[in-house]
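Report on the following structure.
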Amino acid sequence: MAGAAFAIGFFVFGTIYSFGVLFVPLMRDLGSSRSETLALYAISSSVFYFLGPVTGLFSDRFGPRTVSIVGALVMTAGLAATAFVDSIWMAYLTYGAGLGAGAACIYVPALAALGGWFRRWRTRALSIAAAGTGCGMLALPPFIATLIESVGWRSALLILAVLCGLVLVTAAALVEAAPVSSEAEPVQSLGATLRSPAFVQMYVSWVFGTMALFVALAFLPTFATSRGADPISASWLISIIGGSSILGRLGIGYVRSAEGTLRLYKSAILTMAASFSIWLLLSSYGWLVVFAAVLGIAYGVRIALVAPVLIELFGVGQLGALLGSFFTGTGIAALAGPLLASAAVDLADSDTGGIVAATVMGALGFVFVLPLKSKSVSAVPSPNLPDRLV
């Protein structure tokens, strides 16, 4: 299950975050404007994050394997069909809607199912799954860029579609709902969970913290270039964030207690917020590398711990719909963070305004999560699994 979730995260996030290397070839070949082409990424990301509650609910109701297989097939078909489009409007349907819907159908159910299979080693298993997303973000973009240079973007997408079909369909077929104890206590309704103060605090904190992250992803290379770095060195800052996040994702695998998990989650959010002071005060390239590494590690810890924290607070019942609902916050952050930072830059007439805005966003993320307290683990329904599996 952990291996299947790793593979799914690798190809889902690696593919979505490879749009940057497809951007220029698509724009030139399809004759679309910059804004029309950028809309492809906005559509795929928005569909992915905002469809999560629906796919999570379907997973809870019909089983994660069925929904995951559908997602693998839709994502594969969307990539393959995009290789044959002759207009940006068709690409909106095949790449934007197809990739986004397929990714939502396979990723959320797989992650939710994985969380239910473990008790003692849950954090470790989910850290492996989270490492898959980081590895995909690090490995697939340069791989696809090499393919585009060698065979063109259309053939590159066909090759990627074949790989996704082979790996994702196989991984989806391995996804299985966790066996739950017949003595499990009833869980509160999804609506009651989503309205609870603890979930609202987690959600708002996630939105603000992720807004700050997207500001760094959007503006850091441009900032470095304006300070004298060459474009290639500036682009490496994003790779450093992604690469160091893998260390953070894997490094939390041995946290076992609910108190330790929540405490480390809060510390990661605080570290993310504090790291922006490096960007704000020290603008040389060397310090920007330090900032990217610190932000990446803290970001990796935070994203690897969010599912374990949600499980500790709300249990594994209806976990698919819960995770899908929670990750809509990422979609909101992706849209709002760079826009607010751009407004701050215009208001201050300096790129420092955007960094200050990101720092405030990160600080608010910590303020909202700070009051959270872990609940008794005994109150959380747990799968009745043999010790060798958990």
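The values are calculated or read from the model by the stated rules, or taken from the named source; none is laboratory data. Just so it is clear, the structure is predicted and the values come from calculations on it, not from any experiment. Counting neighbours? That spans all protein chains shown, and the Cβs are built from the backbone with ideal geometry, glycine included.
Just one of the numbered conditions (1) assigned to a helix (DSSP H, G or I); (2) touching a residue at least 24 places away in the same chain (Cβ under 8 Å) is not true of Val316: (1). Against the numbered list (1) at pLDDT 95 or above; (2) part of a loop (DSSP other than H, G, I, E, B), Pro381 comes up short only at (1). In the range 93-127, of all residues being basic (Lys, Arg) and more than 18 Å from the chain's Cα centre (by Cα), the one that is nearest to Leu250 (Cα to Cα) corresponds to Arg122. Counting only residues that are crowded, with 22+ Cβ neighbours inside 10 Å and either outside any helix (DSSP H, G or I) or among the acidic types (Asp, Glu) (or both), the range 2-17 holds 0 of them. One residue stands out among those in the range 284-302 that are among the small types (Gly, Ala, Ser) and touching a residue at least 60 places away in the same chain (Cβ under 8 Å): the one that is surrounded by the fewest Cβ atoms within 10 Å (Cβ to Cβ), which is Ala292. Condition test on Ser44, is it part of a helix (DSSP H, G or I) and closer than 22 Å to Ser235 by Cα? The answer is no for Ser44. Pairs linking a residue in the range 135-157 that is under 24 Å from Ser245 (Cβ atoms) and at pLDDT below 90 to a residue that is β-branched (Val, Ile, Thr) and surrounded by fewer than 22 Cβ atoms within 10 Å (Cβ to Cβ), with Cβ atoms under 6 Å and 6 or more positions apart or on different chains, are Pro141/Val21; Ile144/Val21; Ala145/Val21. The numbered conditions (1) at pLDDT below 85; (2) in the same structural domain as Lys266 (by TED's automatic domain parsing); (3) out of contact with any helix residue (DSSP H, G or I) (no Cβ under 9 Å at 6 or more places or on another chain) are all true for Arg195 except (1). Checked against (1) at pLDDT 85 or above; (2) at positive phi; (3) of a type in the set (Gly, Ala, Ser), Gly315 meets all criteria but (1). Checked against the criteria, Tyr49 does not count as closer than 20 Å to Ala145 by Cβ and crowded, with 18+ Cβ neighbours inside 10 Å.
Of the residues Ala139, Ala129, Ala172, the single one that is surrounded by fewer than 24 Cβ atoms within 10 Å (Cβ to Cβ) and assigned to a helix (DSSP H, G or I) is Ala139.
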